[in-house]
Amino acid sequence: MLLTLQAVTGCTRFGARTSKLNENPAATRQVPAAQPETRQLPSFTAIVNELQLGHYHDGEQDLQHYLQEHPGDRPAQAMLHQLVADPIQALGSRSQTYVVQAGDSYSTLAARYLGDPGAFLILARYNGSANPSMLRVGEKIRLPLSAGATASELPTAKAQRLQRESVSLLDQGQNDQALARLGEALSIKPGLKPVGLQAAALRKQLLDSYHEQAIVLYRDQQLDPAIALWDRILAIDPNYQPAITYRARALELKRRLKQR
């Protein structure tokens with residue numbers, strides 16, 4: 001009977017201590033749940049850098065989030081369009097082969113051939129590139145050929161387009177058409193720089209043909225048309241020595257004929 005009473009008393013005291021522990025706030029304090037980390041939205045420049053490295057999926061998501069906060073940002077809208085548009089439909093199915101030179105990048109090629117360095121992404125996708133920053137010297141890529149000039153096409157852009165088309169025609173074995181197309185380009189912009197060895201060789205061939213025509217006119221004493229042709233040659237290439245020499249002769253002959 002005594003042992004039973006002590007056991008009951010002990011259980012009562014233990015229960016009391018447990019009750020006091022449960023009443024202590026410190027004893028029942030819980031660790032707060034970890035809050036999910038919120039990713040800071042990158043700047044538009046950072047997104048462009050991301051896309052240049054080929055992170056298309058993440059870049060698209062970041063652009064969409066960026067445009068939610070900046071709905072009127074036109075460069076961001078244009079970049080998103082480059083990312084989701086069909087590059088063949090955007091740039092056209094007609095193209096020419098280009099061999100990458102030292103210093104080339106998709107940005108510089110987009111500036112040269114599309115008139116906008118920011119169009120690097122659509123040009124890279126046009127070539128199936130998974131990483132626009134990777135472009136090796138000697139690599140062959142496709143450059144789009146425009147179907148034709150638009151009403152708003154700037155003279156320089158039109159001249160560049162015609163020059164590209166002239167090289168494409170040369171590749172197809174259409175030499176006369178190529179010369180005519182390049183002549184059209186240079187009539188718009190005489191100082192247009194040749195792009196690539198083919199364009200440079202075609203330009204020399206064109207200038208040589210102009211000079212031959214001018215020589216025929218000169219021998220027939222049709223001096224004004226001959227001088228006009230040499231003027232055209234020198235507007236394209238001021239260092240074309242045959243034109244410099246014969247133009248001076250034609251001017252001297254014209255002066256003598258007037259004195260008769």
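The values are calculated or read from the model by the stated rules, or taken from the named source; none is laboratory data. All figures in this text were calculated on a predicted structure; none of them were measured in a lab. Note that each Cβ is placed from the backbone with ideal geometry, even for glycine, and that neighbours are counted across all protein chains shown. These area figures cover heavy atoms from the full protein model, side chains too; ligands, DNA and RNA do not enter into them. Shrake-Rupley method; radii C 1.70, N 1.55, O 1.52, S 1.80 Å.
Heavy atoms of the protein only, probe of 1.4 Å, neighbouring chains included. What is the accessible area of residue 231 in Å², nearest 10?
Only protein atoms counted, so the area is about 60 Å².
Around residue 232, what is the net charge, scoring Lys/Arg as +1 and Asp/Glu as -1 over all other residues with Cβ under 15 Å from its Cβ?
-2
Which FRET efficiency value, to the nearest 0.05, do you get for residue 45 and residue 100 by plugging their Cβ-Cβ distance into 1/(1 + (r/R0)^6) with R0 = 30 Å?
0.70
Rg/Rh for region 179-242 to two decimals, with Rh computed the Kirkwood way over all alpha-carbon pairs.
Taking Rg over the Kirkwood Rh, I get 0.98.
In debye, nearest 20, what is the charge dipole magnitude of region 67-196 about its Cα centre with +1 on Lys and Arg Cβ and -1 on Asp and Glu Cβ, if you could check?
In total the dipole reaches around 220 debye.
So, in Å, what gap is there between the alpha-carbon centers of region 157-173 and region 61-111?
With region 157-173 and region 61-111 each reduced to a Cα centre, they are spaced 23 Å.
Write out the GluC sites (Glu not before Pro) in region 60-152 meeting two conditions: DSSP loop, and at most 15 other Cβ atoms within 10 Å of their Cβ.
139
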